[in-house]
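Visitor: First the structure, then my questions, so here it is.
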Amino acid sequence: MTSNVQITIELTDVEYKGLAYVAVDPQEWVLTAAQARSQAAMTEIFNAEVQRMLGDPTIKNIPADKEQVVRDAQIVLLKDKQIPTMPMPPPS
């Protein structure tokens, strides 16, 4: 079962104006950008997980449903990885 997660962002009126300059519907643009990036990550997770399962002789069945494979994948989220990251620059 898939549930929805709501993410809220705040933009200044000037940031919104800048986004509206390049997007007919800024809210739809942000949603589409987030969904496209999520789909790319899901494909990466799916491919890695299928390769892992193919190499595991104890696994007899691989689900055909991409969302199920991603949902069941035991992955480490980026926020939990111990890698050095550069802080986001402050808005100009």
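Visitor: Taking 0.36 nm per residue of separation and subtracting the Cα-Cα distance, what length does fully extending Thr58 through Gln82 add?
Guide: Result for the pair: 5.7 nm of gain on full extension.
Visitor: Identify which of the listed values of percent of Cα pairs over 16 Å apart was calculated from the structure shown: (i) 81; (ii) 71; (iii) 50.
Guide: Recomputing percent of Cα pairs over 16 Å apart here picks out (ii).
Visitor: Separate question: Divide by every residue of the chain the summed helix terms, -39500 (n - 2.57) for each DSSP H run of at least 4, and state the resulting mean residue ellipticity at 222 nm, rounded to the nearest 500 deg cm²/dmol.
Guide: For the chain, the value works out to -16500 deg cm²/dmol.
Visitor: Suppose each label sits 7 Å from its Cα in the direction of the beta carbon; what would the Leu31-Val50 distance come out to in nanometres?
Guide: 2.9
Visitor: What distance in nm separates the two pseudo spin-label positions at Val24 and Lys66, each 7 Å out from Cα along the beta-carbon direction?
Guide: 2.5
Visitor: Relative to the longest principal Cα axis of the chain, at what angle does helix 26-54 sit, 0 to 90 degrees, rounded to 10?
Guide: 20
Visitor: Using the Karplus curve 6.51 cos²θ - 1.76 cosθ + 1.60 with θ = phi - 60°, what ³J(HN,Hα) values do you get for each residue of the stretch 59-72, in whole Hz, with x for Gly and Pro?
Guide: 8, 9, 9, 10, x, 7, 8, 4, 4, 5, 4, 5, 4, 7
Visitor: Could you calculate the FRET efficiency of Thr43 with Tyr16 from 1/(1 + (r/R0)^6), where r is the beta carbon distance between them and R0 is 30 Å, rounded to 0.05?
Guide: Taking R0 as 30 Å, the efficiency between Thr43 and Tyr16 is 0.45.
Visitor: As I understand it, the value is the acute angle between the Cα axis of helix 13-22 and the longest principal axis of the Cα atoms of the chain; what does it come to in degrees, rounded to 10?
Guide: 70
Read-outs throughout are calculated quantities, based only on the coordinates presented, and are distinct from any laboratory measurement. Everything numeric in this text was worked out from a predicted model, so none of it was measured. Here the Cβ is made from the backbone with ideal geometry for all residues, glycine too, and neighbour counts use every protein chain on show.
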